[in-house]
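The values are calculated or read from the model by the stated rules, or taken from the named source; none is laboratory data. Keep in mind that what you see is a predicted model, and the values were worked out from it rather than measured. For neighbour counting, all protein chains shown are included, and Cβ atoms are generated from backbone atoms with ideal geometry for every residue, glycine included.
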């Protein structure tokens with residue numbers, strides 16, 4: 001452990017800046033702390049416009065330093081989210097296990113993704129201009145730190161689950177004050193994250209991208225294959241630990257997630273993207289989703305026994321499975337749950353910086369006075385001034401109205417949404433993590449039966465089965481959804497049922513698959529999934545006042561305290577970052593209005609917009 005003496009002159013400076021980095025696998029990101037406070041965090045994809053960009057996050061790095069008003073010389077320390085030495089040991093031993101076939105794969109890896117610590121150090125120093133020591137963390141400790149340290153809890157059980165870190169694929173830890181103590185872990189190749197990704201690929205979706213689609217597809221099917229999975233592919237002990245039968249998988253060599261034996265077990269080849277909505281694959285999705293929920297619930301019970309805490313924190317890619325999170329909540333295992341919004345590898349940048357600050361430097365932890373957390377609603381990215389917005393709009397000869405009165409602008413947008421217009425909403429600092437939370441969002445009227453299909457097919461250009469989330473005033477959540485008033489869901493990471501008083505009588509007994517979408521199930525059909533559930537975002541005035549006021553105005557008009565909220569992008573595109581990104585997405589889709597800063601634009605007022613390239617060719621469909 002570093003002491004302040006070893007940390008040198010940094011301890012004498014007025015402000016201490018620690019920058020965390022995750023990179024070279026997927027979802028590269030940076031996070032910047034100022035005296036232990038989260039100052040800035042962003043994924044590289046927002047700037048590079050390459051979804052899940054794995055390259056060194058150079059543009060995010062520059063944005064972080066620009067926001068702080070410092071140069072690389074102003075950084076006290078740079079941390080990296082995992083341990084390359086430990087990771088290289090795992091990679092080498094795994095490939096040697098399959099000699100000589102593994103030797104060729106190992107050569108491919110050594111020539112591609114950097115896993116050598118010296119190479120990573122040299123790259124970071126060369127690309128950043130930082131000449132100090134690079135401090136290396138541990139993958140699952142970074143996840144655990146990203147979950148516990150920003151949470152509002154003085155102590156908590158911490159569960160992390162993902163595909164693979166160095167060796168660990170899942171862990172249970174206990175966080176108290178500024179300490180995190182590992183209690184249990186599961187090691188490669190036995191991984192719930194990799195198992196779920198294998199089924200993601202089998203159902204025709206992209207690994208590390210389409211897992212949320214698989215989750216959304218599951219309610220259309222029945223878990224007919226759960227026994228087949230348990231008897232052949234994977235077993236779990238009811239305590240969160242799983243064991244895979246590697247005879248059916250091929251990810252140890254990294255060539256495919258599964259092999260021909262896997263396909264033969266289910267009697268079908270893997271789906272193409274067009275086949276993913278066949279009833280067979282819907283039933284496959286339902287089966288692996290149920291298995292995942294069982295494992296996660298078992299892990300929660302085990303974590304409770306190991307720690308005795310009344311609080312739970314979650315991180316790692318599996319923690320983005322908001323349906324499983326909701327099932328844990330239903331079991332009342334813990335009184336309180338907090339989930340890191342950037343739960344995947346991007347969040348590792350934040351976790352490594354926080355772990356260094358609190359554990360390596362022994363800095364005390366100050367719990368946020370807010371009942372939420374110290375993550376600030378995850379609005380941690382760039383902010384654009386009116387001047388910057390206007391410059392970008394003028395570049396496109398855009399036609400707009402500038403509002404001097406912010407209150408009048410919000411009222412006008414609320415009215416437009418109530419008239420079933422779809423509005424692009426670009427406000428404030430961008431979100432850190434994969435969810436749009438009311439800063440870079442597309443908004444719609446939840447009362448309309450047409451909103452769901454219109455936004456999916458004509459605006460997002462994506463599969464019709466995918467559900468949308470309600471952004472709900474935090475004091476109205478428990479009225480409209482089966483979620484306790486004491487359980488906030490600010491990051492869209494908990495699923496709960498729509499309250500029974502808003503459900504409608506319907507008959508879907510003879511309907512199957514996508515036909516189920518035709519049924520109107522509630523008074524808010526645009527955000528009610530086929531199983532009467534919704535992925536809830538509770539909107540809090542203290543973290544996003546403008547969005548809170550917008551929904552408040554919408555409620556005054558309609559009596560409904562929520563709007564449809566989906567990410568501001570088209571299929572395959574990262575969420576928009578800049579005003580320029582927002583305007584381009586606005587023009588290439590069927591969004592009716594764009595509200596960006598204090599500017600309001602109507603699609604009908606714009607002149608012909610022509611792109612030099614076809615966006616469908618630029619963005620690989622996810």
- [ ] Identify the single condition in (1) outside any loop (DSSP other than H, G, I, E, B); (2) farther than 26 Å from residue 135 by Cα; (3) in contact with a strand residue (DSSP E or B) (Cβ under 9 Å, 6 or more places away or on another chain) that residue 350 does not satisfy, given that it satisfies every other one.
- [x] (2)
Open item on the list: Among the residues in region 511-525, are any in contact with a strand residue (DSSP E or B) (Cβ under 9 Å, 6 or more places away or on another chain) and either outside the structural domain of residue 413 (by TED's automatic domain parsing) or part of a helix (DSSP H, G or I) (or both)?
Closed with: no
Open item on the list: Just checking, does region 376-386 include any residue being without any contact (Cβ under 8 Å) to a residue 40 or more places away in the chain, over 19 Å from residue 538 (Cβ atoms), in contact with a helix residue (DSSP H, G or I) (Cβ under 8 Å, 6 or more places away or on another chain) and surrounded by 14 or more Cβ atoms within 10 Å (Cβ to Cβ)?
Closed with: no
- [ ] Name the residue, out of 475, 456, 421, that is surrounded by fewer than 23 Cβ atoms within 10 Å (Cβ to Cβ) and either under 23 Å from the mean Cα position of the chain (by Cα) or in a strand (DSSP E or B) (or both).
- [x] 456
TODO: Pairs only if they're at least six apart or on different chains, beta carbon under 6 angstrom, first in region 35-63 and outside the structural domain of residue 76 (by TED's automatic domain parsing), second modelled with pLDDT of 95 or more; list them, first residue then second.
DONE: none
- [ ] Select from region 515-524 the residues that are surrounded by fewer than 19 Cβ atoms within 10 Å (Cβ to Cβ) and either under 25 Å from the mean Cα position of the chain (by Cα) or modelled with pLDDT of 95 or more (or both) and list them in ascending order.
- [x] 523
TODO: Kindly provide the set of residues from region 128-154 that are over 24 Å from the mean Cα position of the chain (by Cα) and in a strand (DSSP E or B), ordered by number.
DONE: 134, 135
- [ ] Would you please name the residue that is nearest to the chain's Cα centre (by Cα), looking only at residues in region 530-568 that are crowded, with 24+ Cβ neighbours inside 10 Å and either part of a helix (DSSP H, G or I) or at pLDDT below 95 (or both)?
- [x] 547
Task: From 240, 204, residue being closer than 23 Å to residue 300 by Cβ, part of a loop (DSSP other than H, G, I, E, B) and in contact (Cβ under 8 Å) with a residue 24 or more places away in the chain - done: 240
Open item on the list: Please go through (1) crowded, with 18+ Cβ neighbours inside 10 Å; (2) modelled with pLDDT under 95; (3) more than 27 Å from residue 296 (Cα to Cα) for residue 438 and return the number of the only condition it doesn't satisfy.
Closed with: (2)
Task: Residue selected from region 396-418 under the condition touching a residue at least 24 places away in the same chain (Cβ under 8 Å) and assigned to a loop (DSSP other than H, G, I, E, B), by the criterion surrounded by the fewest Cβ atoms within 10 Å (Cβ to Cβ) - done: 404
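Yes or no, residue by residue, for (1) surrounded by 24 or more Cβ atoms within 10 Å (Cβ to Cβ); (2) touching a helix residue (DSSP H, G or I) at 6+ places or on another chain (Cβ under 8 Å); (3) not assigned by TED's automatic domain parsing to the domain that holds residue 314:
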site: 125; (1), (2), (3): no, no, yes
site: 130; (1), (2), (3): no, yes, yes
site: 143; (1), (2), (3): yes, yes, yes
site: 161; (1), (2), (3): yes, yes, yes
site: 168; (1), (2), (3): yes, yes, yes
site: 181; (1), (2), (3): no, no, yes
site: 208; (1), (2), (3): no, yes, no
site: 213; (1), (2), (3): no, yes, no
site: 220; (1), (2), (3): no, yes, no
